[in-house]
Amino acid sequence: MEKTVRILEQSALSTRKYTDKKTGQEKVMNAVTFKLTDGIDTFLGEVTGERAVTCPQYDKNYLYRVQCSMVVRNWTSEKTGESMQATTIYVDKINVA
């Protein structure tokens with residue numbers, strides 16, 4: 001997905017630990033979250049990994065062209081046992097429009 005957006009909010013760098021399901025090793029996930037709008041829709045996007053660590057603070061007065069990818073994952077609620085789906089939008093590129 002590619003859109004021209006305005007950045008409404010940008011979080012500080014966050015780190016969270018997780019266990020890799022394939023190897024069982026504990027790893028760290030780095031992320032910066034953005035609240036973005038194209039003037040009609042507002043959505044959250046994440047920059048992750050090393051790109052999050054080096055992510056600059058973007059000026060909210062500019063329009064940006066973003067390229068995003070979406071991932072849908074299935075999971076089961078620990079409380080209810082209900083099957084759920086979560087969609088995560090990853091920001092792959094940000095450039096001044």
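We did not get these values from a lab; they are worked out from the coordinates using the rules stated. Since this is a predicted model, take the numbers as computed values, not measurements. Note that each Cβ is placed from the backbone with ideal geometry, even for glycine, and that neighbours are counted across all protein chains shown.
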What about Thr33, is it free of Cβ contacts under 8 Å to residues at least 60 places away in the same chain and surrounded by 10 or more Cβ atoms within 10 Å (Cβ to Cβ)?
yes
Filtered residues of the stretch 1-29 (kept if part of a loop (DSSP other than H, G, I, E, B) and either within 19 Å of Val96 (Cα to Cα) or touching a residue at least 12 places away in the same chain (Cβ under 8 Å) (or both)):
Met1, Ser11, Ala12, Leu13
